[in-house]
Each structure stands twice: as C-alpha cells, then as structure tokens.
Amino acid sequence: MGNWSSSKKKKEAAAAAASPAFVPKYPPGSSVSCYAGKGTVLSTSSPFRCEVLLTNWELAYGSKVTCYVHEDQVSLLPTIAIGQFVRCYAGVGEVIEATSSTRIAVRLTNWELAYKSKVICYMAEEQVSNDTMCQVSTCVCLCRPV
C-alpha cells in the first residue's frame, strides 16, 4: 500500500513538471474593467476565471461585490501616474496627486488665474485620458489657486 501511494505521488509530480506552469493573464492586484464595472483582480484560480473585487459597487453596510468572470471578459485599465500629462474637459494638465484609488488632482497647463496662479482640478480618474481624442463633459471641477 505504501508503494502505491509513493508511486502515485511520483506520477503526479512528473505530470506537474511536464505541464507548463499556469501564468495568469491578469495577476492579483491588477486594475481591470469587466461587464459589471471597474475592479481589482483578487485571484485567478484557473486558466480562464478571474475573481474581481468591484470598486464601483457597494452593497448594504458597506459590503463589496465580488464577481467571477472569464478572462476574455476582462480588460486591463491604464493607470494614471503622477507627473503624467492627461486631457480632460477643461484642457491638458499634469497629474499632481492621487487622493484615492479613483480620484486625482490635475494642474491645468492651459489655464491661468489672477497673479499667474495655476488651476488645480479634482476629478475621477475615468474623466481623464492620455488619448488626445478624449472629450469628457461630465466633470465637476473644484478649483483653487496654487
């Protein structure tokens, strides 16, 4: 009986060594978008299944929504970095801070207030783009002189 068990373990180890290692398309922690909204990948338990914690949904008592989707239904979100130039409805600006995972501050390069003060807009990350064709018209801009 002991030989059978060790023989089975050897066969399993050989099969695991012979098969290519599973590399997830979206590793845990990746910011993604799926049919249900934006979120963060928690795990990829099989070659085609992603567990995504949605950031734009909230249930009663602050509970978060987790969905399980096929990896073909998920796309990687571009990340906006501090120092990057982006376009929004108000013009072109430089990202100067990320106040939360979805809110950023942009110092506009094409606006100037009295005494040459710069304009800083606070907006949701999805309201800016590094694409020059972006036209976002639904942003509330809170401005303050620098």
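Annotations for the structure displayed:
- Residue in region 119-140 that is modelled with pLDDT of 85 or more, surrounded by 14 or more Cβ atoms within 10 Å (Cβ to Cβ) and assigned to a loop (DSSP other than H, G, I, E, B) present: no
- Any hit, region 71-80, residues being surrounded by 15 or more Cβ atoms within 10 Å (Cβ to Cβ) and in a strand (DSSP E or B): no
The values are calculated or read from the model by the stated rules, or taken from the named source; none is laboratory data. Because the structure is a prediction, the values reported are computed rather than measured. Cβ: placed from backbone, ideal geometry, glycine included. Neighbour counts: every protein chain shown.
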